[in-house]
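Visitor: Let me begin by handing over the structure; questions about it come next.
The values are calculated or read from the model by the stated rules, or taken from the named source; none is laboratory data. Just so we're clear, the structure is a prediction, and the values are computed from it rather than from any experiment. Backbone-built Cβ (ideal geometry, glycine too); neighbour counts: all protein chains shown.
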Amino acid sequence: MSLSTPDRRLPAGVGGQSLRRVPLLFGDTAGPGDPMAPVIVGPGSPPLRKRRCVTVPRVASIWVESLSQSFEQALDLLAVAMGECTDELWESPMWEVPSELFGATPPGPDGKPVADPARRRPLVQRRSTPWSVAWHALECLDYDLTGELGPWAPPPPFTGKPHWRLTTLPRAWTRSEMVGYVEYCRQRVHDTLADMTEESGATPLLPAHRYSGQPHAWIIAAALGHTIEHGSQIRQFVTDRTITSPS
């Protein structure tokens with residue numbers, strides 16, 4: 001695995017729980033008192049974006065326009081989930097991460113191997129925290145929009161810091177930094193679909209990509225479900241903790 005290739009090995013579920021229906025996704029609405037309603041908490045939380053009609057000019061296809069609109073809603077979901085996440089939950093693991101996921105001696109923030117299990121555990125458990133899962137979802141989307149068909153690097157401050165080396169980070173990414181990445185990916189989706197042609201969408205991915213040989217359009221479409229999955233995981237986690245926490 002290269003430094004530029006995001007790791008997509010994330011559990012499909014959260015502790016075996018099933019994902020709940022999330023309002024505000026694909027036209028859903030939330031009634032009064034609905035615990036899944038989009039209540040934004042905490043200073044600096046991103047406002048819920050109004051849905052806007054997105055027109056994709058190059059490929060005259062209702063399917064491509066629909067895909068663009070669905071990405072808007074998926075990124076809204078992720079932004080809302082991060083906005084609802086409290087400071088306490090932001091760095092709390094959503095499920096138990098296997099202790100050997102990054103090897104017996106993963107590199108720590110100082111770059112040195114961490115062999116002590118007590119020191120290694122909090123670094124490894126970062127893998128399932130809301131900030132880390134959101135980062136993983138956005139990095140994969142960002143990467144797959146290029147699909148190894150051209151140069152790729154995430155924007156600052158994520159440049160040179162791939163998710164699979166998250167044990168080396170000195171701190172968690174802030175909500176502000178993550179919301180900035182959401183907006184960056186939103187623009188990337190718009191630009192990628194606006195420039196897409198039938199020929200470019202059918203281009204097979206190169207051997208360097210984990211899904212080499214598949215059409216680029218297939219991977220972009222799959223990234224939509226991946227983004228929704230992890231936005232839903234974060235939102236379910238936050239909602240469950242909010243309901244069960246003492247008032």
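Visitor: Scan segment 211-247 residue by residue and report those that are among the basic types (Lys, Arg) and either exposed (fewer than 12 other Cβ atoms within 10 Å of the Cβ) or more than 18 Å from the chain's Cα centre (by Cα) (or both).
Guide: Narrowing segment 211-247 to residues among the basic types (Lys, Arg): 235, 241.
Of everything in segment 211-247, just one residue is among the basic types (Lys, Arg) and either exposed (fewer than 12 other Cβ atoms within 10 Å of the Cβ) or more than 18 Å from the chain's Cα centre (by Cα) (or both), namely 241.
Visitor: Restricting to segment 180-218, name every residue that is in contact with a helix residue (DSSP H, G or I) (Cβ under 9 Å, 6 or more places away or on another chain), farther than 15 Å from residue 74 by Cβ and of a type in the set (Val, Ile, Thr).
Guide: Listed by number, the list holds a single entry, 203.
Visitor: I've got another one for you. Which count do you get for residues in segment 71-92 that are crowded, with 19+ Cβ neighbours inside 10 Å and either assigned to a loop (DSSP other than H, G, I, E, B) or touching a Cys at 6+ places or on another chain (Cβ under 7 Å) (or both)?
Guide: Residues meeting the conditions: 2.
Visitor: May I pose another question? Quick one: which of 218, 164 is assigned to a helix (DSSP H, G or I), farther than 30 Å from residue 83 by Cβ and of a type in the set (Phe, Trp, Tyr)? Can you show your working first?
Guide: On the way: 164 fails: farther than 30 Å from residue 83 by Cβ.
Sole residue among the options that is assigned to a helix (DSSP H, G or I), farther than 30 Å from residue 83 by Cβ and of a type in the set (Phe, Trp, Tyr): 218.
Visitor: How many residues does segment 192-209 contain that are crowded, with 17+ Cβ neighbours inside 10 Å and either of a type outside the set (Ser, Thr, Tyr) or farther than 22 Å from residue 70 by Cα (or both)?
Guide: Counting residues in segment 192-209 that are crowded, with 17+ Cβ neighbours inside 10 Å and either of a type outside the set (Ser, Thr, Tyr) or farther than 22 Å from residue 70 by Cα (or both) gives 5.
Visitor: Kindly indicate whether any position in segment 104-117 is assigned to a helix (DSSP H, G or I), of a type outside the set (A, V, I, L, M) and modelled with pLDDT of 95 or more. Even if it seems obvious, please write down each step before you answer.
Guide: Going through segment 104-117, the residues assigned to a helix (DSSP H, G or I) turn out to be 117.
Those left that are additionally of a type outside the set (A, V, I, L, M): 117.
Pick out the ones that are also modelled with pLDDT of 95 or more and you get none.
No, segment 104-117 contains no residue that is assigned to a helix (DSSP H, G or I), of a type outside the set (A, V, I, L, M) and modelled with pLDDT of 95 or more.
Visitor: Over 29 Å from residue 236 (Cα atoms), touching a residue at least 12 places away in the same chain (Cβ under 8 Å) and touching a Gly at 6+ places or on another chain (Cβ under 8 Å) - does that describe any residue in segment 92-109?
Guide: Among the residues of segment 92-109, not one is over 29 Å from residue 236 (Cα atoms), touching a residue at least 12 places away in the same chain (Cβ under 8 Å) and touching a Gly at 6+ places or on another chain (Cβ under 8 Å), which makes the answer no.
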